[in-house]
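Just below is one structure, and these are the notes that go with it.
The values are calculated or read from the model by the stated rules, or taken from the named source; none is laboratory data. From a predicted model like this one, the values you see are computed outputs, not experimental measurements. Note that each Cβ is placed from the backbone with ideal geometry, even for glycine, and that neighbours are counted across all protein chains shown. When the accessible area is computed, the model is the full protein with side chains, heavy atoms only, and any ligands, DNA or RNA have been set aside. Shrake-Rupley method; radii C 1.70, N 1.55, O 1.52, S 1.80 Å.
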Amino acid sequence: MDLVTAPRSSAPNRPRRLLALLTTSVLVGTLAGPFIATPASATPHWEAPVRADTLLPAAARPVYMGQPQLNGDPTVGGILKAELGGYAPFVIPEGGTPSFTYKWTRDGQAIAGATGSTYRATSSDLGRVVAVFVTVSYDAESRLTLQADYPLRIAAKPRARGFNGDDTLDIFARDASGRLLLYPTDGRGNWRAAQVLGTGWNVFNTLFSPGDFDGDGTVDVIGRDAQGRLFLYQGNGTGGWKNAFQIGQGWQNFKTISSAGDFNGDGSNDLIVVDQWHQAILYPGNGRGGFLQAYGVDTYWVNGDPVFTVGHFGGKSNLGIVSRNYGYLRLYEASRSGRLDGGRTDIGWGFNDFPFVGSAGDFNGDGTVDIFSVDTAGRLTMYYNKGAGYLTSGRPDIRWYGQSTVGWGWGGFTAVF
């Protein structure tokens, strides 16, 4: 008998198909991400769009500031100032108030504790380059740091620091008997008791103070005798002397010999002379009581006596030297480059009849270098310098804000410096 195969029922395959469908659905759901049922009552929530610029960090706000300037008196004991230049700082987009911080450096290394807008140079800075970095900040991220123009080499102590170690103005005077006297002040326009520094000084036909000429940190005096010899008297910093010795000869033909401050910017005080042909010649100091090679700085300097340094007369870092020219006081300014590369300005007139005209520093304590004169009646008059104030006074041709008689009986002196 033939075997006939009965047809297969499809019922047993239904569970398998259902399992396959469920497996596929789970797999697809897994690949697509988890499925979370949302209640029918839930309302879809959409976040408001965020502006792209609000996603930027605060550092993206650029800060702008004019190039800062380094000004003031770059000498031992002098005050240097970091000043804003060009234009005031601002930030884009606007917002916030700027604050400033400062970092002063010596030969590229930070000076401990020097974080203010001013810095008083110390003996540690002598001959070294001081710079300042100015940082303007609007917030923790929006800031800008610029180095101020221009770094300055600190020069030896100038005449303006005085002779007795208190860093205030002193005036030397020689009487008819040859005594050298010192008239010190308290730095606020008042005189202290005079003192005799020595006798026999009438052997000199020229006397002046070059400031610290030998690099020991104290102010000195130089004298020329009738034979043309030049002598250095070393101050001891307390109103007396250490030693005296000859530093030159053949100086008898010079019309004037005077201090030039640190004229060439190497950190040492220099001398400037005017010869019989009216040529101004610089004798650079070597910082040890001697000289480097001399050279001419002006080919025809028409002047009378005296010639004297007025330090940083205009409140900037430029060095000033004054000559008297037919009764006019003429200011020569230089950038301490070793040349007369600045302006020449008449700053006073009517000085032709005064036996003595000079500068010894700041008389009244306002931070500017003043000029004095002694007239034929023996009155000592002080002329008060505006410093940098003349630049914003509306009268840039006027360098003074007043004068007063501060002493009498000075007519009997044969030298005042």
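Annotations
- Comparison of G85, G66 shows that the only residue that is in a loop (DSSP other than H, G, I, E, B), touching a Gly at 6+ places or on another chain (Cβ under 7 Å) and either at pLDDT below 95 or charged (D, E, K, R) (or both) is G85.
- A count restricted to segment 97-116 and to residues that are surrounded by fewer than 16 Cβ atoms within 10 Å (Cβ to Cβ) and either touching a Leu at 6+ places or on another chain (Cβ under 8 Å) or touching a residue at least 24 places away in the same chain (Cβ under 8 Å) (or both) stands at 4.
- Scanning segment 91-118 for residues that are closer than 15 Å to K81 by Cα, outside any loop (DSSP other than H, G, I, E, B) and among the hydrophobic types (A, V, I, L, M, F, W, C) returns F100, W104.
- Where T345 falls short, out of the listed (1) farther than 23 Å from N205 by Cβ; (2) more than 26 Å from the chain's Cα centre (by Cα); (3) part of a strand (DSSP E or B): (2)
- Among residues of segment 172-201, those that are surrounded by 13 or more Cβ atoms within 10 Å (Cβ to Cβ) and either in contact with an Asp or Glu (Cβ under 8 Å, 6 or more places away or on another chain) or among the β-branched types (V, I, T) (or both), counted: 7
- Just one of (1) assigned to a loop (DSSP other than H, G, I, E, B); (2) surrounded by 19 or more Cβ atoms within 10 Å (Cβ to Cβ) fails for R324. It is (1).
- Any hit, segment 371-387, residues being over 19 Å from I257 (Cα atoms), open to solvent by less than 10 Å² (accessible area, probe 1.4 Å) and among the polar types (S, T, N, Q): yes
- Unmet requirement for G304, which otherwise passes all of (1) open to solvent by less than 20 Å² (accessible area, probe 1.4 Å); (2) modelled with pLDDT under 95: (1)
- The set of residues from segment 323-363 being aliphatic (A, V, I, L, M), without any contact (Cβ under 8 Å) to a residue 60 or more places away in the chain and in contact with a Lys or Arg (Cβ under 7 Å, 6 or more places away or on another chain) comprises I347, V357.
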